Amino acid sequence: MGQTDAGMKNEMFREEEMDDDDESPSERQIVVGICAMTKKSKSKPMTQILERLCKFDYIDMVIFPEEVILEEPVEKWPLCDCLISFHSKGFPLDKAVEYAKLRNPLLINDLNMQYFIQDRREVYRILQEEGIDLPRYAVLNRDPDNPEECNLVEGEDQVEVNGEVFHKPFVEKPVCAEDHNVYIYYPTSAGGGSQRLFRKIGSRSSVYSPESSVRKTGSYIYEEFMPTDGTDVKVYTVGPDYAHAEARKSPALDGKVERDSEGKEIRYPVMLTAMEKLVARKVCLAFKQTVCGFDLLRANGHSFVCDVNGFSFVKNSMKYYDDCAKVLGNMVMRELAPQLHIPWSIPMEAEDIPIVPTTSGTMMELRCVIAIIRHGDRTPKQKMKMEVRHPLFFELFEKYGGYKTGKLKLKKPKQLQEVLDIARLLLVELGQHTDCEIEEKKSKLEQLKTVLEMYGHFSGINRKVQLTYLRNGKPKASSEEEDSKKDGPSLLLVLKWGGELTPAGRVQAEELGRAFRCMYPGGQAGNRRSLGCDSPIDFGDYAGFPGCGLLRLHSTYRHDLKIYASDEGRVQMTAAAFAKGLLALEGELTPILVQMVKSANMNGLLDSDSDSLTDCQQKVKARLHEIMQKDQDFTEEDYQKLAPTGSPSLVNSMKVIENPVKTCDKVYALIQSLTSQIRKRLEDPKSADLQLYHSETLELMLQRWSKLERDFRMKNGRYDISKIPDIYDCIKYDLQHNASLDLEDTRELFRLSRALADIVIPQEYGINRAEKLDIAQAYCVPLMKKIQLDLQRTHEDEAVNKLHPLYSRGVMSPGRHVRTRLYFTSESHVHSLLSIFRYGGLLNEEKDQQWKQAMDYLSAVTELNYMTQIVIMLYEDNNKDPSSEERFHVELHFSPGVKGCEDEETIPLGFGFRPASSENEDKKPNQGSLEDLSQDEPDQALQISDPINIQRRSPMIRNRKTGSMEVLSETSPTHSTKGCTSHRLFISCSRQSPEIKPASGLGFEGCSMVPSIYPLETLHNSLSLKQVDEFLNSVCESNSEVQAKTMKALSGLFASQSQISLYSPQQPLSSSGSEASLRPPSQPLWHGSIPSSAVSSAGPSSPITESSGLNFSFSE
């Protein structure tokens, strides 16, 4: 600072000299005046830039003191040739305008335009006139004296402003730009409420509020909410031809400001696209502000300007300070040197040369991760059917357009309220006249009313009513209906409730998200000093915990992430909780859901209309029922009929069952015993109002079980096999969450219903191979097509959010781009997708040993539980010819999800995650890797961690494998390792992962234990992209009728998403320091060569030698 003051040589009062024309022209200096509040004129960026400006030979600086600006008349202000003046809080803009009129200096930022910048309405008007893309908006002007009179109509999930409708989520901004209290309102389907943004206070920039209705005083702009994947871009211009852009976490996401060790908000430089550079130029010129900051939202492949802030500098970027001073200095000299006869020629400078590092050594770069994940633990799903004929129901059906398709789904709170009103009305009428013309059954109407009144409020996530038009009334199907008296049309009303994500389910999803980070380069915590990068970012919130590699990829726009979920609440909430863990977010799930999760209910990508079963499925169900109705032990013929694929999991369950009818008898008796036990508890005053898990009551639990008791055994004495999954679902839930009730015989009920369910559930998706494939295609073709596109698009060169290579100090490998596509869905899609991989002919198990083992493993898995994952990873080998088949390489991984109540004994073991070939058995295991425990593969790049972390463990333990996605919660008492010794190929060494610890021992929301999740197992790790592509083609093409549906689905999907990613292959190590510096001190270089199979198991590739450093294919 000292030299700046000296440079200013107390220039404030140099009027005499300046008026002195005798001075020889060559010595005349250009005076640049800084007229702003002290807080701004003495700020660090301003000081840095002025120090650099002083280095221009002919430029002197003068800073106007704040007291002079505030108290002296403008005639007494210092003189200058060029004025940098800008408004901030308390600044007298009127005086600055007056001064400029009086002295007529060259203005860097126009002063009159600064009045407009203070009003968001004017800013939007100017942007619109310039043809710059804005979010769709409307202005609501209120007269402060009578605020009621305004054009605002508020609905539950929308507002109408001046006749323009905005559906939630929408944004509400005060018209005054100095007011930072911007609110975002969320739709009820995502949980409602609003996010309140404000000027950063400490580490918060926003807070979630349950308030859902808009503000009733003041004038606002209402605009569409832009889904930006959780990052905002700030752009800083210096003149029309220079713009610096950086990304920061959107304040709307969870409101927590990421700060580095110096307490500065973490931001990352970003490369602007050509279109965005044009926008920066337009903004700079339209507002006549040379130095100007504005905000960009990147959404759906477009960039929208949502705010213009006027004069602002970038903080903490030396390169920007150099550039800014150079641009401003040259601008001042170009304008003023000729007038003042100063000899000066514009320096010709080479434009920044883009630096493109090269790759050396045989490395596989992770390019794409695709995961299909089943939702987390949920409450039991329940449904009730009733036939209705009352005119009020028909009116409702017509009101919401039910006649178009003959079907109607009602999920919105307003619609559910209407159904509830009808039910109440009919019950009142029934109460008054017993003989009246209401045919709807009283008991069913009461149940309808009770369920709709549950929770005291509607949140659209946990209940739905479906109405289906029946032309001639309902055919009598099950025990529930007596003979219908009437002919003529009726409506079938199906009420579904339950099936919500439980707190345990949220924890599972979040922990899995956290563990998932370890699949990305830089996934391990550790000694960042050894990375050879001293960037401040490394000591911020991200430093020293696993998965920071992914977080940095994400914030620097090098991670192209999209998360899709079907439209069921539990699936959406699982996706949001997973995103929260994956990206280290905090706070409520609603804002995360709205910003990060794309609903894929368009088009059956992830939803299946369970009511419209295919013919094949109907036939399969009928055959299943027939076999399960035999009152005799299973015969050899039955084994052939029911388990033609010879799957061990099925055969074992059939052995447990022996005689299906006898087993159903036992199950029925056990349910009766259970309901009578619950009734007894209800009569006991001590336990009558006992709170069960997730605020269920004994009363509700009894309703659940009595309904199953009524429905399971039909009037004719036969059993309704389709109820078996529900029975298993309920007992599994109660054993895990309500074990404290200590009800008798629940374990036995669990064991038997599980054996039945292990047959019924998977076989509903087809009994023999052909049926399994046929049914799977009906569910999955749109999703398979989408996966195929995800894999193909990864290696096509397209415009994408990229990082600026020159600024990326401390961000290793600026060019690396990884795209992640996560699909959250329900059991049907996971079963179907797995069937396609198993039976679609991807590989021949006779010829491929690894695939045979994978198939044996899969057929031994009994249940695809909550959080089941199917993961496809695509790698690129930059040393291979781009057209060669070896260039791209695909791996397929699988985990059966959450551990069940009694799994320890029976669970089959796979071969671990990314196993190497057996030749490596005698090699020294690498010191820590992605898979914290089972060190199967030396190529997994060394864990950059302090050697102290390593502790030898018994070789075969397979619990704590966080890296390979086993998420633990130490609340589970039994971590037995029985039966876990078979199949392990390699000695393990463990580094206890820090990331799972927070969960330990906490007990969640009054909570039962949260079961851990099985680690990912590799099904195959050396497929070529071509193989996978051809396989997906053949599977999708063999099903022509689905084809049309698929194309429709995908065209809808891609219309909304033209933004795809790619990067140019670049050197993934940091440029500073030699590769050897990457290793912790005690770690030897890999000596000699490693068998080729270890090289990211990519099949043949050159052996790694010392010169190539490490193979960073996975955990750079």
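The values are calculated or read from the model by the stated rules, or taken from the named source; none is laboratory data. Note that the coordinates shown come from a computational prediction; the quantities given were computed from them, not determined experimentally. Virtual Cβ from ideal backbone geometry, glycine too; neighbours counted across all protein chains shown. Surface areas here come from the heavy atoms of the whole protein model, side chains and all, with no ligands, DNA or RNA. Shrake-Rupley method; radii C 1.70, N 1.55, O 1.52, S 1.80 Å.
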### Task
Quickly run through region 643-659 and pick out the residues that are of a type outside the set (A, V, I, L, M, F, W, C), part of a helix (DSSP H, G or I) and over 40 Å from the mean Cα position of the chain (by Cα).
Lys655
### Task
Kindly indicate the residue of region 172-200 that is out of contact with any helix residue (DSSP H, G or I) (no Cβ under 9 Å at 6 or more places or on another chain) and in contact (Cβ under 8 Å) with a residue 60 or more places away in the chain and also farthest from Arg120 (Cα to Cα) among those meeting that condition.
Lys200
### Summary
Counted residues in region 886-915 being modelled with pLDDT under 75 and either over 18 Å from Ala854 (Cα atoms) or in a strand (DSSP E or B) (or both) come to 5
### Query
Do you know which residues across region 207-220 are over 28 Å from Arg821 (Cα atoms) and touching a Pro at 6+ places or on another chain (Cβ under 8 Å)?
Lys216, Thr217, Gly218, Ser219, Tyr220
### Message
Condition first: under 31 Å from the mean Cα position of the chain (by Cα), among the polar types (S, T, N, Q) and within 12 Å of Met113 (Cα to Cα). Now tell me which residues in region 273-311 satisfy that.
### Response
Asn309
### Task
Inspect region 615-624 for any residue being modelled with pLDDT under 85 and within 30 Å of Cys518 (Cβ to Cβ) and give the result as yes or no.
no
### Query
Taking into account only those residues within region 70-98 that are surrounded by 22 or more Cβ atoms within 10 Å (Cβ to Cβ) and either under 50 Å from the mean Cα position of the chain (by Cα) or of a type in the set (Ser, Thr, Tyr) (or both), which is farthest from Asp179 (Cα to Cα)?
Leu83
### Query
What about Ser194, is it over 23 Å from Asp119 (Cβ atoms) and open to solvent by 30 Å² or more (accessible area, probe 1.4 Å)?
no
### Task
Inspect all residues belonging to region 733-743 and state whether any of them is of a type in the set (Asp, Glu) and in contact with a Leu (Cβ under 8 Å, 6 or more places away or on another chain).
yes
#### Entry: Output for region 117-132, where each listed residue is hydrophobic (A, V, I, L, M, F, W, C) and surrounded by 19 or more Cβ atoms within 10 Å (Cβ to Cβ)
Ile117, Val123, Leu127, Ile132
### Message
Name the single residue that is nearest to Lys95 (Cα to Cα) among those in region 49-65 being at pLDDT 95 or above and open to solvent by 10 Å² or more (accessible area, probe 1.4 Å).
### Response
Pro65
### Task
State which residue is farthest from Leu789 (Cα to Cα) when the search covers only region 843-877 and only residues that are part of a loop (DSSP other than H, G, I, E, B) and open to solvent by 20 Å² or more (accessible area, probe 1.4 Å).
Thr862
#### Entry: Failed item, numbered, when Ser189 is tested on (1) open to solvent by 30 Å² or more (accessible area, probe 1.4 Å); (2) in a loop (DSSP other than H, G, I, E, B); (3) modelled with pLDDT under 95
(2)
### Query
Which of (1) touching a residue at least 24 places away in the same chain (Cβ under 8 Å); (2) surrounded by fewer than 19 Cβ atoms within 10 Å (Cβ to Cβ); (3) not in a helix (DSSP H, G or I) does Lys662 not meet, given it meets every other one?
(3)
#### Entry: Residues of region 672-702 satisfying the condition of being under 26 Å from Val1010 (Cβ atoms), part of a helix (DSSP H, G or I) and of a type in the set (S, T, N, Q)
Ser695
### Message
Among (1) touching a Phe, Trp or Tyr at 6+ places or on another chain (Cβ under 6 Å); (2) open to solvent by less than 40 Å² (accessible area, probe 1.4 Å); (3) of a type in the set (S, T, N, Q), there is one condition Asn181 misses while meeting the rest; what is its number?
### Response
(2)
### Query
Just one of Pro144, Pro135, Pro105 is farther than 22 Å from Ala280 by Cβ, open to solvent by less than 50 Å² (accessible area, probe 1.4 Å) and not small (Gly, Ala, Ser); which is it?
Pro105
